[in-house]
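Novice: Submitted below is the structure of interest, expressed as structure tokens.
The values are calculated or read from the model by the stated rules, or taken from the named source; none is laboratory data. Computed from a predicted structure; not experimentally measured. Reconstructed Cβ throughout: ideal geometry from the backbone, glycine too, with neighbour counts over all protein chains shown.
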Amino acid sequence: MTRKSRTFKPRQSTRRRSTPAAVGLVLLLILFTMLMGVGLAQALEPKSNPLVQASQTSEIGTVDPVSDRDRLGQELYLESCKSCHLAIPPAVLPTQTWQALLQDPQHYGATIDLPKGPERKILWNYLRNTSRPIANKEERIPYRVADSRYFKALHPKVKFETKAKLTTCISCHPSANDFNFRKLSAEAEKSS
């Protein structure tokens, strides 16, 4: 009788061993969760988020909160425009109007020195980011506040006795000289 030799084969365990891929996946998931938590905390921090900051104050001032990236542009805008006339919120006129105004030194009958170089680019970025473009190419680009459909959309219930001008704004927005268009006069509050 010949005896067959048997080779010993270890029994496979039913318990799985952790593989490096599974450990890596768990670590990646933990890292992702931590990063999301940090990002959420920063987004909700008032110093870094103008929307949260605005909701925590009683009065915003401008029509829309301005992001940190556009704050310098807003300062340049106010410095450039407010020295001669009331500075209006960029959303009142379409982007195309602002683009044309930044390229034409003949400004409503007066010759002005247009910003140059980096200042012009910063100012343009602010105006582009805070205004709305005209989508319909057949629509005429308005150069006066009263002709702007955006202005009319922002004032749906207001009936103007005469054609609206920049000086008209102060009658309803007493803090307009400070670029605060949210604060309304008592009479304007009643009609809105």
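Novice: Restricting attention to the stretch 127-146, report how many residues are in a helix (DSSP H, G or I) and modelled with pLDDT of 90 or more. Let's see the steps before the verdict.
Specialist: Initially, the stretch 127-146 is screened for residues in a helix (DSSP H, G or I), giving 127-130, 145-146.
Those left that are additionally modelled with pLDDT of 90 or more: 127-130.
Of the residues in that region, 4 qualify.
Novice: Between a first residue in the stretch 164-192 that is at positive phi and a second residue that is among the aliphatic types (A, V, I, L, M), which pairs have beta carbons less than 7 Å apart while being 6 or more apart in sequence or on different chains?
Specialist: Here the result reads PHE179/LEU78; PHE179/ALA87, each pair linking the stretch 164-192 to a residue that is among the aliphatic types (A, V, I, L, M).
Novice: Please go through the stretch 147-192 and give me each residue that is over 19 Å from ASP64 (Cβ atoms), at pLDDT 85 or above, not in a loop (DSSP other than H, G, I, E, B) and not charged (D, E, K, R), ordered by number.
Specialist: ILE170, SER171, ALA186
Novice: Of the residues in the stretch 89-126, how many are assigned to a loop (DSSP other than H, G, I, E, B) and in contact (Cβ under 8 Å) with a residue 60 or more places away in the chain?
Specialist: Result for the stretch 89-126: 1.
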